[in-house]
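**Q** I am attaching a structure below and will ask some questions about it afterwards.
The values are calculated or read from the model by the stated rules, or taken from the named source; none is laboratory data. Source: prediction; values computed, not measured. Glycine gets a Cβ as well: all are built from the backbone with ideal geometry, and neighbour counts include every protein chain shown. For the accessible areas, the whole protein counts, side chains as well, though only heavy atoms, and no ligand, DNA or RNA atoms are used. Shrake-Rupley method; radii C 1.70, N 1.55, O 1.52, S 1.80 Å.
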Amino acid sequence: MSNDAVVPTRPGEPAEPTSVERVRAFNRTVTTRIGALEDHYLGSARSLGSSRVLWEVHDGGVDVRDIRERLELDSGYLSRLLRSLEREGLVTVESSSADSRVRTVQPTDAGRAERDELDRRSDELAASLLAPLSNGQRRRLVDAMQTVIRLLDAALVQVEPADAASEDARRCLAAYYDELARRFPGGFDPGRSLHPDTHEFAEPTGLFVLARLHGRAVGCGAVLFHEDVPAYIKRMWVDDAVRGMGVGRRILAALEDAARAHGAASVTLETNASLTEAIAMYRASGYAEVAPFNDEVYADHWFEKPLA
């Protein structure tokens, strides 16, 4: 392995100096090439920040909170950008009659026209990046850009404790149950599975976590704590859109850390033979197959991992 590869053993470890230098060089090249440093982005009367917010304002209205989460902007900075767009007559911002905390942004006719013009100029900029290159170079660049997007998104995923009864948690669990119903030969009924009551996945008996990307829940998992016996991991799921980005491993590591913090010497889990990707991840993460330790009707593989 080359000495400039970023190979942290756990998420959050610092990158090696040479890799950091390369990332900074990449950032400088991109910001210069796309005109991010200019006060008037793409020849418009506004900055890249204002233009990016305008792009998020679609017909039908957009919740200000959704824009803030997608663009990961400070609420005060976003408010200033929206006020600037309002003064230009490009958007309107209205509070909900039912809840004044909920604000919706709508484009005006002038805003729609300006957004269309920004789209046209953005297409021209993208074409200018590709035009000097050969067909093979273009494919390499576009493929590399897609790889960069996925890896940057992977770095932005946050795994945090959550209420298993929350709307996001229920949506993730419903998607998980639907997937099991499709993939298991005999379908899946959560009522027949062990621990169907999500109230167990809360302190002090357990923990539920959600993985979020740009504010959207894209994965979940839970762990139950037991005295004198291994902790027990359950309900791990990852959205198709982020599979292959290491989200499952991040969720698994968070659950293991929680078990370790509660004094567990090891963790256990079970799974079904249909979930080949999950089985591969568990084995690669240090789990060893053991004899059945419960009567989960949908399980045919049982695993355990010691916690250092």
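Residues checked against (1) in a helix (DSSP H, G or I); (2) open to solvent by 30 Å² or more (accessible area, probe 1.4 Å); (3) in contact with a Lys or Arg (Cβ under 9 Å, 6 or more places away or on another chain); (4) within 25 Å of residue 212 (Cβ to Cβ):
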{"site": "28", "(1), (2), (3), (4)": "yes, yes, no, no"}
{"site": "31", "(1), (2), (3), (4)": "yes, yes, no, no"}
{"site": "37", "(1), (2), (3), (4)": "no, yes, no, no"}
{"site": "42", "(1), (2), (3), (4)": "yes, yes, yes, no"}
{"site": "46", "(1), (2), (3), (4)": "no, no, no, no"}
{"site": "55", "(1), (2), (3), (4)": "yes, yes, yes, yes"}
{"site": "59", "(1), (2), (3), (4)": "no, yes, yes, no"}
{"site": "66", "(1), (2), (3), (4)": "yes, yes, no, yes"}
{"site": "78", "(1), (2), (3), (4)": "yes, no, yes, yes"}
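One line per residue, one yes/no per condition, for (1) among the basic types (Lys, Arg); (2) open to solvent by less than 50 Å² (accessible area, probe 1.4 Å); (3) not in a helix (DSSP H, G or I):
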position: 140; (1), (2), (3): yes, no, no
position: 152; (1), (2), (3): no, no, no
position: 171; (1), (2), (3): yes, no, no
position: 189; (1), (2), (3): no, no, yes
position: 194; (1), (2), (3): no, yes, yes
position: 199; (1), (2), (3): no, no, no
position: 236; (1), (2), (3): no, yes, yes
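**Q** Follow-up question, since we're still on this one. Mind checking which residues of region 291-301 are open to solvent by less than 50 Å² (accessible area, probe 1.4 Å), more than 16 Å from residue 276 (Cβ to Cβ) and not charged (D, E, K, R)?
**A** Matches in region 291-301: 294 only.
**Q** Would you pick out the residues in region 264-284 that are open to solvent by 60 Å² or more (accessible area, probe 1.4 Å), touching a strand residue (DSSP E or B) at 6+ places or on another chain (Cβ under 9 Å) and of a type in the set (Gly, Ala, Ser)?
**A** Scanning region 264-284 gives a single hit, 265.
**Q** Starting from region 112-123, take each residue that is of a type in the set (Val, Ile, Thr) and list its partners that are surrounded by 15 or more Cβ atoms within 10 Å (Cβ to Cβ), counting only C-beta distances under 7 angstrom and pairs at least six apart or across chains.
**A** Listed pairs, sorted by first residue: none to list.
**Q** Looking at 53, 30, 57, 62, which one is in contact with an Asp or Glu (Cβ under 9 Å, 6 or more places away or on another chain) and at pLDDT 85 or above?
**A** Only one candidate passes the filter, namely 62.
**Q** Given the options 255, 210, name the one that is outside any helix (DSSP H, G or I), under 18 Å from the mean Cα position of the chain (by Cα), of a type in the set (A, V, I, L, M, F, W, C) and crowded, with 20+ Cβ neighbours inside 10 Å.
**A** Checking each option against the conditions leaves just 210.
**Q** Against the conditions (1) over 28 Å from residue 149 (Cβ atoms); (2) outside any loop (DSSP other than H, G, I, E, B); (3) more than 21 Å from the chain's Cα centre (by Cα), where does residue 204 fall short? Just the number, please.
**A** Result: residue 204 fails condition (2) only.
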